[in-house]
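The values are calculated or read from the model by the stated rules, or taken from the named source; none is laboratory data. All figures in this text were calculated on a predicted structure; none of them were measured in a lab. Quick reminder, even Gly has a Cβ in these numbers, built from the backbone with ideal geometry, and neighbours come from all protein chains shown. Surface areas here come from the heavy atoms of the whole protein model, side chains and all, with no ligands, DNA or RNA. Shrake-Rupley method; radii C 1.70, N 1.55, O 1.52, S 1.80 Å.
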Amino acid sequence: MNKTNPFASLPPVETRALPLLWRKIKRGVYRMYLQVHPGSIGCGLCKDYMSPLGARTCHEGAADFPVDVVYTWVDGADEEHAAKRDVFLPMQDNVHVNGLEKARFRNNEELRYSLRSLHDYCPWIRNIILVTDSQIPSWIQTEHPQVRVVDHTEFIPSQYLPTFNSHVIEAFLHKIPGLAEHFMYLNDDVFIARPCRKTEFFTSNGLPMAFVDWRARRLSGYKITKTPHAQSYFNALDMLKQHNVPTDPNFITAHGPYPQTISNAEDAFAFYQPKIEEFAHNRFRTTQEIAMYSHGIPLFSYYKRRLVPCDERYYYVQTRRRDRIAYYNAILNSKNDRCAPLFFCINDVGGSSPNKDWKNDLRGILQSYFPQAAPYEKAGFHESLQK
């Protein structure tokens, strides 16, 4: 097997066990689709709107402020955590089925590789703060001076706990004790893909970058899906419109890193507070909420001109997509050819495909891209990933 690309020896995607409908698609047409698809929507660059990030930051001065990274993490397979969820589930009748997907709580070891990406490419990070609900990954080196594990009880008001709702958790992240004024919020399925500077996430005078996805189909997708995440966008827009705040319905952030400041988060929290107090009691996701870091804070800060919208090429892949191998190849080739994007996201979105290879494929791409253990990992746990 090719060590740099574990997918090189795999048969073409269209010959692997696919349903009859897919097998009927003409081989030539499907191959063309796989070759074009990753490059054509990979995913955020639109020259009609603004210059790309590199062009905007090449003359930036040094950013001499500390930057922390915040992750939210859960291991849904933990029996105690699952039992706690089961206790509270019957008490909420407006929960959306999307908020109960196994993928919402599934641990695929993405966090370990995301931390490797920070160690490899963001040496300027001050602290890594892992937010959990009385859980700690077995492999993480909690004694490392850069690592802090913060429990929900340390920053979320007790009347809203326990919560299994990421919208609630995110609403209070800016209240984490000791958090730097400048920080990045990352889901564990987001990975930095190349060496980068602090000024690719914040301007030298401290404004956060907002990585924007200008594709028209992103907005239309929000209108069609009606999931809690999609509806969150329209909930935030509605609040802004109610206060006669000018809005741009095409301003939607990419699924990637969310650079932000405590000041922006505090002001946005105060603006959305009536809405937050309404949904903070929801233990599980509903369609009446606001995802603060992907929608609420960026939209409010955009209006206040306290962030910098920017275009940046990136990859977004879903683990159950039938064309995921084409994406994984494109990601690995971009690294080998030294043209990697700033980041990529590999999102576990649930059971949309019966294919049983998705976990091995996910491990293959991540282990190939980030083969070296980071100092945040306990000795001996690295070897278990090779099996």
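Could you check the stretch 274-296 and list, in sequence order, the residues that are basic (Lys, Arg) and either in contact with a Pro (Cβ under 9 Å, 6 or more places away or on another chain) or without any contact (Cβ under 8 Å) to a residue 40 or more places away in the chain (or both)?
Arg283, Arg285
Would a scan of the stretch 186-208 turn up a residue that is among the hydroxyl-bearing types (Ser, Thr, Tyr), in contact (Cβ under 8 Å) with a residue 24 or more places away in the chain and within 27 Å of Gln318 (Cβ to Cβ)?
no
Mind checking which residues of the stretch 164-189 are over 24 Å from His81 (Cα atoms), crowded, with 23+ Cβ neighbours inside 10 Å and of a type in the set (A, V, I, L, M)?
Result: Met184, single match.
Note down all Cβ pairs under 7 Å where the first residue falls in the stretch 154-174 and is in contact (Cβ under 8 Å) with a residue 12 or more places away in the chain, the second is β-branched (Val, Ile, Thr) and open to solvent by 10 Å² or more (accessible area, probe 1.4 Å), and they're at least six residues apart or on different chains.
Ile156/Ile169; Thr163/Ile169; Ser166/Thr72; Ile169/Thr72; His174/Ile262
Inside the stretch 254-272, can you point out the residues that are open to solvent by 10 Å² or more (accessible area, probe 1.4 Å) and within 12 Å of the chain's Cα centre (by Cα)?
Within the stretch 254-272, His255, Tyr258 meet the criteria.
Could you check Gln242 against (1) closer than 27 Å to Gln288 by Cα; (2) surrounded by 22 or more Cβ atoms within 10 Å (Cβ to Cβ) and say which number it fails?
(2)
Inspect all residues belonging to the stretch 198-213 and state whether any of them is modelled with pLDDT under 90 and either acidic (Asp, Glu) or closer than 14 Å to Pro298 by Cα (or both).
yes
Evaluate the stretch 282-295: report whether one residue or more is touching a strand residue (DSSP E or B) at 6+ places or on another chain (Cβ under 7 Å) and among the small types (Gly, Ala, Ser).
yes
Out of all the residues in the stretch 284-303, is one or more assigned to a helix (DSSP H, G or I), open to solvent by less than 50 Å² (accessible area, probe 1.4 Å), aromatic (Phe, Trp, Tyr) and on the phi < 0 side of the Ramachandran plot?
Looking for residues that are assigned to a helix (DSSP H, G or I), open to solvent by less than 50 Å² (accessible area, probe 1.4 Å), aromatic (Phe, Trp, Tyr) and on the phi < 0 side of the Ramachandran plot, one finds at least one in the stretch 284-303, hence yes.
Outside any helix (DSSP H, G or I), at pLDDT 95 or above and not hydroxyl-bearing (Ser, Thr, Tyr) - does that describe any residue in the stretch 258-279?
yes
Are there any pairs with C-beta distances below 6 angstrom linking a residue in the stretch 105-116 that is under 23 Å from Lys84 (Cβ atoms) to a residue that is β-branched (Val, Ile, Thr), with the two at least 6 apart or on different chains, and if so which?
Cβ pairs passing all conditions: Phe105/Val74.
Name the single residue, out of those in the stretch 141-163 being touching a Leu at 6+ places or on another chain (Cβ under 9 Å), open to solvent by less than 30 Å² (accessible area, probe 1.4 Å) and of a type outside the set (A, V, I, L, M), that is farthest from Tyr71 (Cα to Cα).
Looking at residues that are touching a Leu at 6+ places or on another chain (Cβ under 9 Å), open to solvent by less than 30 Å² (accessible area, probe 1.4 Å) and of a type outside the set (A, V, I, L, M), I get Phe155.
Within the stretch 131-138, is there a residue that is open to solvent by less than 60 Å² (accessible area, probe 1.4 Å), modelled with pLDDT of 95 or more and outside any loop (DSSP other than H, G, I, E, B)?
Checked against the condition, which is being open to solvent by less than 60 Å² (accessible area, probe 1.4 Å), modelled with pLDDT of 95 or more and outside any loop (DSSP other than H, G, I, E, B), the stretch 131-138 yields at least one hit.
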